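Inspection log for the structure reproduced underneath, given as structure tokens.
The values are calculated or read from the model by the stated rules, or taken from the named source; none is laboratory data. In this text the structure is predicted, and so the values were computed from the model without any measurement. A quick note on method: Cβ atoms are made from the backbone with ideal geometry, for glycine too, and the neighbour counts reach across all protein chains shown. Side chains included, ligands, DNA and RNA excluded: accessible areas come from the protein's heavy atoms. Shrake-Rupley method; radii C 1.70, N 1.55, O 1.52, S 1.80 Å.
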Amino acid sequence: MLFDVKPLPGDPILALMTAYRADDAPNKVDLGVGVYQDNAGHTPVLRAVAAAEARVLAAQTTKAYVGIAGAASFNTAMTQMVFGTSHQALADERLVTVQSAGGSGGLRVAAELIKSLRPDSAVWVTTPTWPNHVPLLTAAGVQIKQYRYYDPASGLLDRDGMLEDLANIPSGDVVLLHGCCHNPTGADLDAQLWSTVATLCRDKNLLPFVDTAYQGFGESLDGDAQGIRTLADIVPEMITVTSCSKNFGLYRERVGALTLLTRTADHAVAAKSHLLKIVRSMISMPPDHGARVVAEILNDTGLSADWRAELTEMRERMHAQRRGFVDALKPHGLDARFGFVADQVGMFSLLGISSEQIKQLRDDWHVYIVGSSRINVAGLTAGKVDYIAEALAAVLSG
């Protein structure tokens, strides 16, 4: 079987990471990899995570399996983090959560559920969307289609195009939405648009499928969940996937959650049985360590307060770096062209420059960004932002 196998093309983002690490230029800049970085370019272990890990390890007496659904304390805490502690769906027992192997694992399990229960339904994704959405979902055999979302010319949400496309989606299909901090554009729905989209999904019998990978990086922990909570107020059913990689800094621990909103409590019980069957067939049992750490933080008043404080520091730092980037472009006359970066939220923005200009930034200036022109704003540190602005201006003027 393997004697004549041919190598496949590598992941372009991982290839970019490899090229960056191999570059020995002292002034190199990494704006490509999608992880939070501090001013030193380091992805730190959060204070609350370190404290929670010590507690978990000190109290742990076994490494036995925790069960297919994962740790109950984690699932409950995650449900409340996303939906709040007083949402009616909680009281009605219409929400069911299972632990997933990161947000990506939750997406794949959700795709398997869609394929199993709605085999003829297409999943509609934003244009553009996170590059790994398509391979993750199509690997389960679901059909992918696209709806308008972003206007690259203005750097703004294409509100009219989005609503027109959603209104024309066939009844029974699935609409993938980014809960906050849209990747790769940084352009989010406002409260009014969330309500409009929720009403449209209900009236058109469309199933919302919300990927929330950056809760707490946009407006606030609760503010970034408001879109999901608005949907839950209006639609009868919904899928949500949540990642703990970014807001807890637990990238390598692969911690996430998949939550279903169902029409009744009985439907929730039935739906959970389908989720457990899928998880069992894919990974048998979920990893435990990172989920225990998250549960320890969310269920402890002191740790939770410290985590929220550090999350606020991370969010406000990225907001400041967005503004600093636009300010650094002013001497080059580019602040108007890229002013949208300061108005967006989360870790990413699209610069909208050509592949040739992206290559020139890398080859001549050692500034690394991915081929879509997405930048990780966490890399726009005070010590590098002027150099980045100079590089961008030189490339655009050439």
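Which residue, of E310, E296, is in contact with a helix residue (DSSP H, G or I) (Cβ under 8 Å, 6 or more places away or on another chain), closer than 23 Å to V33 by Cβ, open to solvent by 20 Å² or more (accessible area, probe 1.4 Å) and not β-branched (V, I, T)?
Details: E296 fails: closer than 23 Å to V33 by Cβ.
Answer to the check: E310.
For T62, indicate whether it is of a type in the set (S, T, Y), touching a strand residue (DSSP E or B) at 6+ places or on another chain (Cβ under 9 Å) and either surrounded by fewer than 17 Cβ atoms within 10 Å (Cβ to Cβ) or within 17 Å of T259 (Cβ to Cβ) (or both). Before the answer, list the steps.
Working: of a type in the set (S, T, Y): yes; touching a strand residue (DSSP E or B) at 6+ places or on another chain (Cβ under 9 Å): no; either surrounded by fewer than 17 Cβ atoms within 10 Å (Cβ to Cβ) or within 17 Å of T259 (Cβ to Cβ) (or both): yes.
No, not satisfied.
Can you confirm whether the range 19-38 contains a residue that is assigned to a loop (DSSP other than H, G, I, E, B), open to solvent by 100 Å² or more (accessible area, probe 1.4 Å), on the phi < 0 side of the Ramachandran plot and touching a residue at least 60 places away in the same chain (Cβ under 8 Å)? So that I can check it myself, show each step before the final result.
Step one: filter the range 19-38 for residues assigned to a loop (DSSP other than H, G, I, E, B), giving 23-28, 31-38.
From what's left, open to solvent by 100 Å² or more (accessible area, probe 1.4 Å): 24, 26.
Okay, now just the ones that are also on the phi < 0 side of the Ramachandran plot, so 24, 26.
Narrowing further to those that are touching a residue at least 60 places away in the same chain (Cβ under 8 Å): none.
No, the range 19-38 contains no residue that is assigned to a loop (DSSP other than H, G, I, E, B), open to solvent by 100 Å² or more (accessible area, probe 1.4 Å), on the phi < 0 side of the Ramachandran plot and touching a residue at least 60 places away in the same chain (Cβ under 8 Å).
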| query | Has the range 184-206 got at least one residue that is part of a loop (DSSP other than H, G, I, E, B), open to solvent by less than 50 Å² (accessible area, probe 1.4 Å) and either β-branched (V, I, T) or without any contact (Cβ under 8 Å) to a residue 24 or more places away in the chain (or both)? | reply | yes
| query | For the range 209-227, how many residues meet the condition of being farther than 24 Å from W124 by Cβ, buried (at least 22 other Cβ atoms within 10 Å of the Cβ) and among the small types (G, A, S)? | reply | 1
| said: So the check is Cβ under 7 Å with 6+ separation or different chains; which pairs have a first residue in the range 141-167 that's within 16 Å of D190 (Cβ to Cβ) and a second one that's of a type outside the set (A, V, I, L, M, F, W, C) and part of a helix (DSSP H, G or I)? | reply: L163/T196
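Kindly indicate the residue of the range 11-39 that is of a type in the set (G, A, S) and touching a helix residue (DSSP H, G or I) at 6+ places or on another chain (Cβ under 8 Å) and also farthest from F348 (Cα to Cα) among those meeting that condition. Break it down stepwise before answering.
Initial filter on the range 11-39 (of a type in the set (G, A, S)): 15, 19, 22, 25, 32, 34.
Filter once more, keeping what is touching a helix residue (DSSP H, G or I) at 6+ places or on another chain (Cβ under 8 Å): 19, 32, 34.
Values: A19: 20, G32: 10, G34: 8 Å.
So, considering only residues that are of a type in the set (G, A, S) and touching a helix residue (DSSP H, G or I) at 6+ places or on another chain (Cβ under 8 Å), the one farthest from F348 (Cα to Cα) is A19.
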| Options T138, T230; residue that is within 30 Å of G249 (Cα to Cα), surrounded by fewer than 19 Cβ atoms within 10 Å (Cβ to Cβ) and at pLDDT 95 or above | T138
| request: Could you tell me which residue of the range 249-267 is nearest to the chain's Cα centre (by Cα), considering only residues that are of a type outside the set (S, T, Y) and surrounded by fewer than 20 Cβ atoms within 10 Å (Cβ to Cβ)? | output: R252
| note | Cβ pairs under 7 Å, 6+ apart or interchain, first in the range 109-135 and free of Cβ contacts under 8 Å to residues at least 40 places away in the same chain and over 16 Å from P170 (Cα atoms), second open to solvent by 20 Å² or more (accessible area, probe 1.4 Å) and assigned to a loop (DSSP other than H, G, I, E, B), ordered by first then second residue, are K115/G141
| field | Any pair with Cβ under 6 angstrom, 6 or more apart, that starts in the range 81-98 at a residue that is within 11 Å of D222 (Cα to Cα) and in a helix (DSSP H, G or I) and ends at one that is modelled with pLDDT of 90 or more and small (G, A, S) | value | V82/A225
| said: Could you check the range 39-54 and list, in sequence order, the residues that are within 20 Å of the chain's Cα centre (by Cα) and at positive phi? | reply: none
| Condition met for V56 (assigned to a helix (DSSP H, G or I), surrounded by 11 or more Cβ atoms within 10 Å (Cβ to Cβ) and in contact with a Lys or Arg (Cβ under 8 Å, 6 or more places away or on another chain)) | yes
